[in-house]
Amino acid sequence: MNILYAQLIGAAAMLTITLSVQCRKKKHMMMVQSAAHMLYSFQYALLGAFSAAFMDLISVLRNLLFYKYDKNKKKIPIILPIIVITITCIVGYLNYTNLLSLVPVIIAILYTIGASFKDPKVYKYVFGSCAIAWLFYNLKFQAYVCVIGNIMEITSTIIALVREAKRSKKKKKRSKRN
């Protein structure tokens, strides 16, 4: 029964995180992703993938911290990602069971690095790359709804980046005319 609940929660998380990448502002992306990470944390706990569950909880905290800086249009101090990465490594070490349990830790570190950049495009590239890694992890833990979600995340990221490139191209054309 836990697997059924996990798949349902995973479906809600999948839809939430897939839509998050369509947000134009990084601060909005991070808030929507916080909700998705909370759902993913419940899902992974139900599936017994505790390393991933803890990494998603850390992601919620990281996003809330970073959101505060983005909201106030302040640069994220370099010490903050270092602290988050250190906590991620400690929790990852405490939850280490095999090499596979390191995948969520590495992904969480990459997310933290990507989220520390002001440019939402950097965050989207990191997001898409991490979705590929999650795809393989989710296959191993039979989080099949999330596998579909990872494919949707990758597709959504590509669409968002293409839209941004087109928007940027149009802006450049307009500024050349003026």
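No value in this document is a laboratory result; all are computed from the given coordinates. It should be emphasised that the depicted structure is a prediction, and the values quoted were computed from it without experimental measurement. Positions of Cβ are generated from backbone atoms using ideal geometry, with glycine treated the same way; all protein chains shown enter the neighbour counts.
Assorted remarks:
- Using a simple spin-label model with pseudo-atoms 7 Å out from Cα toward Cβ, residue 161 and residue 64 lie 3.1 nm apart.
- Low-density loop positions, trypsin sites (Lys or Arg not before Pro), the stretch 3-68 - DSSP coil, at most 13 other Cβ in 10 Å: 24, 25
- Estimated 222 nm signal from helices in the chain, with DSSP H stretches of n ≥ 4 weighted -39500 (n - 2.57), rounded to 500: -28500 deg cm²/dmol
- Highest-fluctuation residue, 23, 146, 130 considered, GNM on the chain with Cα pairs under 10 Å: 23
- Relative contact order for the chain, counting Cα pairs under 8 Å that sit 6 or more residues apart, in percent: 25 percent
- Normalised by 2.2 N^0.38 Å, where N is the number of residues, the C-alpha radius of gyration of the stretch 57-99 stands at 1.37.
- Label-point gap, in nm, between residue 8 and residue 177 - each point 7 angstrom along Cα→Cβ: 5.3 nm
- Space enclosed by the convex hull of the alpha-carbon atoms of the chain, per residue, Å³: 99 Å³
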